[in-house]
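The values are calculated or read from the model by the stated rules, or taken from the named source; none is laboratory data. It should be emphasised that the depicted structure is a prediction, and the values quoted were computed from it without experimental measurement. Because the Cβ atoms are built from the backbone with ideal geometry, glycine has one as well, and the counts that use them run over all protein chains shown. Just the protein is used for accessible areas: all its heavy atoms, side chains included, with ligands, DNA and RNA removed. Shrake-Rupley method; radii C 1.70, N 1.55, O 1.52, S 1.80 Å.
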Amino acid sequence: MSFKFADVILPLNLPQVLTYGVPHEMQDGLEPGMRVEVSLGRNKLYSAIIDRLHNDKPEAYEVKPIRSVIDDAPVVNDKQLQFWRWIVHYYIAAPGEVMQAALPAHLKLMGETRLEWIPQPEGIVHEWSDEGYLAAEALEMRKELTITELKAIVGLKYFTKALNELLEHEVAFIHDALEQAYKSKKEKIVTLHPMYKEEVHLIALFEKLSKAPKQLELLMAYTELSVKEGIVRQQDLLERVSATGAQIKSLADKGVFVIEEVDVDRLKYTGSNESKIIEFTPTQQTAYDTVEKELKAKNVVLLNGVTGSGKTLLYIHKIKQVLAEGKQALFLLPEIALTTQLVSRLYNYFGEELGVYHSRFSNNERVEIWEKVLKGKYKIVVGARSAMWLPFNDLGIIVVDEEHDPSFKQKDPAPRFNARDAAIQLAGLHHAKVILGAATPSVESLFNAKQGKYGYAELKERYMGVRMPTIEIVNAKSLETVRKQGIKLLTPELQLAIAEALLKKKQVILFQNRRGYAPFQLCTVCGWVPQCRNCAVSLTYHKSTDKLHCHYCGLKYPIPHSCPSCGSNNLVSKSFGTEKIEEEVQQIYPKARVARMDVDSVKGKHGLTLLLDDLAKHKIDILVGTQMVVKGLDFAPVTLVGILSADSLLSYPDFRVNERAFQLMEQVSGRAGRADGVGRVLIQAYNTTHPVLQWVQDHDVQAFYEHEIRYRNQFDYPPYSRLIKIIFKHKDEPKAIQGAAQMTEMLKNIEGIIVQGPVAALIARVRNLYIQEVWIKCPRDTKTLDRVKDFIKAQRQVIVSHKGNANLQVLFDVDPM
């Protein structure tokens, strides 16, 4: 059937899809999910994704035609488009925001009208205005200008006049085109000229080159490589004989070699094709049987297994079973840090059928992974939340490991989705199953399991019966006894434990959830604290740069030597971050090899891999880190874990504070003694009687849950309600306050919801924008939730359309973390 109109998604923050006309010659071959070239406004060209084809002509505006079709087949399949629509609806996002998040950058083509210089015959002289001459001179020098660049050169006032002069004098022509940003990787392959395939000619060639030693060496190296490798890359040949490209080209010019440039894969699998066999312990077998039984009755199963219990083996076995049925699998992890160590294990089971996808890959690599998933070459993909957007055709299982982790929630930019919850929706579209795994499940997931919505399975002991680590609570007041020695961060108990571990050639992990050297400085005379000029936060001192850093806008400031408020020189550093811990540890244990693992120290695509490599090879004795060290690290020699400041984890103003603290401490404790069961954990705290510390000490998830669920029920927090946070941002604080107050007033018209605010955000100003928040508690029923979403979307349009509110940002965060 032919369709005359297409609803398309553009990679822009537009509230809805736009309708374009389908020219007659394109009507037969067009399908949803294809990219098409469309124009928007006067000069901009975009590649848009077709969302729907139909014959309903819009009445509100005159449609533009689609300019061209980019693809022969859809790059986004039907299930993906359904998933995108669900994300748009549930998380109150714009279709273009979802497209921006989902597609690799090189699949989002954009273009702009360009002016190209037409060479002029000698002797031709044109009469120009001042602006026309300026434009012509710039175009002649650069040969090509975009419309935006031309406006910048001559100014908006004279733009039309200058453009007309360029066209009238025929020194420029207008070129509209989208440019494909993806470039395939090329490699030069060397082959022997077909004439030399006959032995007699090859022998003659060797004799002929006997007087040219370097060329003879190249020929001999080529012969050796072709026997070993089959295909000879020019780069390999150059490295084998330390030759130059010119020397190989010389042999090609003589008709000895043929050099051909071919497309190659950026993502090469270099492992063995031998698949490992999975062997369960009796406890694992029992847990796996429970998972299988529960999956027959439920679409989602929560696997609650203690740290080091071998949950990954259960995942792998289930994935192998799904792959044997001809389906695909998705293995989601909260952060890239977890993929690094896990991937090497998974390759042993899945080989080249395994793909990895996360934000550290280049745009070209992401396009290639996208294509391999689309064509079914990758049967299983492991990655962070962005892996959900890949074009799976037939998912059979989605595994969400560490399902409790807040990193699964996208904060900024939109869509602000939770990958764990979205994975369940995605699985539903594919009629697939979901396994949620964690040692410390989220309160919401445990609640759903106890309500019978999810299946439930447990792994209560570590792999091969290894003991859980012993956890000791150390009173941080004992720091007073060592302050005179210049030691401020490690209690005597922790110092002794570290010394014992080092003596036994074991490794130590020290955890502090603050990076930098000192989280803030303080004038002891007047109380002044250095603040960022763009954000309402104190500045953190980083010793590595010897500057004060803002962790919100990224600005760096020089160190003040005196207080600008009172002139005093009495400035002291307060609290401590990972840099300061690293320094003190190195001071106490000068022979120990100390490393740091945080976002400041782990840079580049391979930085994390190299660090974990060093840890695995025991090139590191003590690892100091933020929550990056909490997640999934599995190194046998780690026997001691130190948590340096439990109080800072327990004092954050959030209703999930106990849950977050329990999960972090239990997870980081799980890094100790995973191989031999002699793990030891020391938690430094001033408030040693806090109930969370007791639950962590006893590894008691059930006691934690029962306490927390009573508290949530009493105050109507999730899972007993649904939260929506509305964020208002403006450079003028009164505008942000006014917008938030208007929304709060309008929400009073809706019955059955609780509205809190408006109130300044915890960080009330970021990047010179003041932030106000309104929180809505909704009943769990879908009908009320949808009614509230529709209402606030409509009211946003009303508020921003008021005079003076054009720059007011109104953002929605459904199920905020």
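Applying the selection to region 622-648, what residues are over 23 Å from Arg462 (Cα atoms), in contact with a Phe, Trp or Tyr (Cβ under 9 Å, 6 or more places away or on another chain) and open to solvent by 20 Å² or more (accessible area, probe 1.4 Å)? Ser645, Asp647, listed by residue number.
Just one of the listed residues (Val232, Val227, Val190, Val200) is without any contact (Cβ under 8 Å) to a residue 60 or more places away in the chain and within 42 Å of the chain's Cα centre (by Cα), namely Val232.
Name every residue in region 665-684 that is open to solvent by less than 30 Å² (accessible area, probe 1.4 Å) and assigned to a strand (DSSP E or B), in order of residue number. Val681, Leu682, Ile683, Gln684, listed by residue number.
Flag not set for Ala499, criterion: crowded, with 18+ Cβ neighbours inside 10 Å and closer than 30 Å to Ile620 by Cα.
Scanning region 735-759 for residues that are without any contact (Cβ under 8 Å) to a residue 60 or more places away in the chain and either under 16 Å from Asp813 (Cβ atoms) or β-branched (Val, Ile, Thr) (or both) yields Ile737, Ala740, Thr744, Leu747, Ile750, Ile753, Ile754, Val755, Gln756, Gly757, Pro758, Val759. Taking Glu444, is it under 16 Å from Leu302 (Cβ atoms) and in a loop (DSSP other than H, G, I, E, B)? Criteria not met by Glu444. Exactly one residue among Gln697, Gln756 is at pLDDT below 95 and part of a helix (DSSP H, G or I), and that residue is Gln697. Confirm whether Phe662 is of a type outside the set (D, E, K, R) and open to solvent by 10 Å² or more (accessible area, probe 1.4 Å). Criteria not met by Phe662.
So that you can scan it fast, the table gives a plain yes or no per residue for (1) among the small types (Gly, Ala, Ser); (2) under 26 Å from Ile763 (Cα atoms):
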residue	(1), (2)
Gly577	yes, yes
Val594	no, no
Asp600	no, yes
Ala646	yes, yes
Ser651	yes, yes
Phe655	no, yes
Met665	no, yes
Ala672	yes, no
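Cβ-Cβ contacts under 8 Å between residues 6 or more apart (or on different chains), taken from a first residue in region 647-661 that is closer than 16 Å to Phe704 by Cβ to a second residue that is of a type in the set (D, E, K, R) and surrounded by fewer than 16 Cβ atoms within 10 Å (Cβ to Cβ), are listed as Arg660/Asp654.
Within region 480-492, the residues that satisfy the criterion of being buried (at least 16 other Cβ atoms within 10 Å of the Cβ) and touching a residue at least 24 places away in the same chain (Cβ under 8 Å) are Ile487, Leu489, Leu490, Thr491.
Would region 242-251 turn up any residue that is among the charged types (D, E, K, R) and either surrounded by fewer than 13 Cβ atoms within 10 Å (Cβ to Cβ) or modelled with pLDDT under 80 (or both)? Scanning region 242-251 turns up no residue that is among the charged types (D, E, K, R) and either surrounded by fewer than 13 Cβ atoms within 10 Å (Cβ to Cβ) or modelled with pLDDT under 80 (or both). Open to solvent by 30 Å² or more (accessible area, probe 1.4 Å), at negative phi and among the polar types (S, T, N, Q): does that describe Thr609? Here the answer is yes, as Thr609 does meet what is asked.
Just one residue in the set Glu116, Glu165, Glu131, Glu127 is open to solvent by 60 Å² or more (accessible area, probe 1.4 Å) and either out of contact with any strand residue (DSSP E or B) (no Cβ under 6 Å at 6 or more places or on another chain) or of a type in the set (D, E, K, R) (or both); that residue is Glu127.
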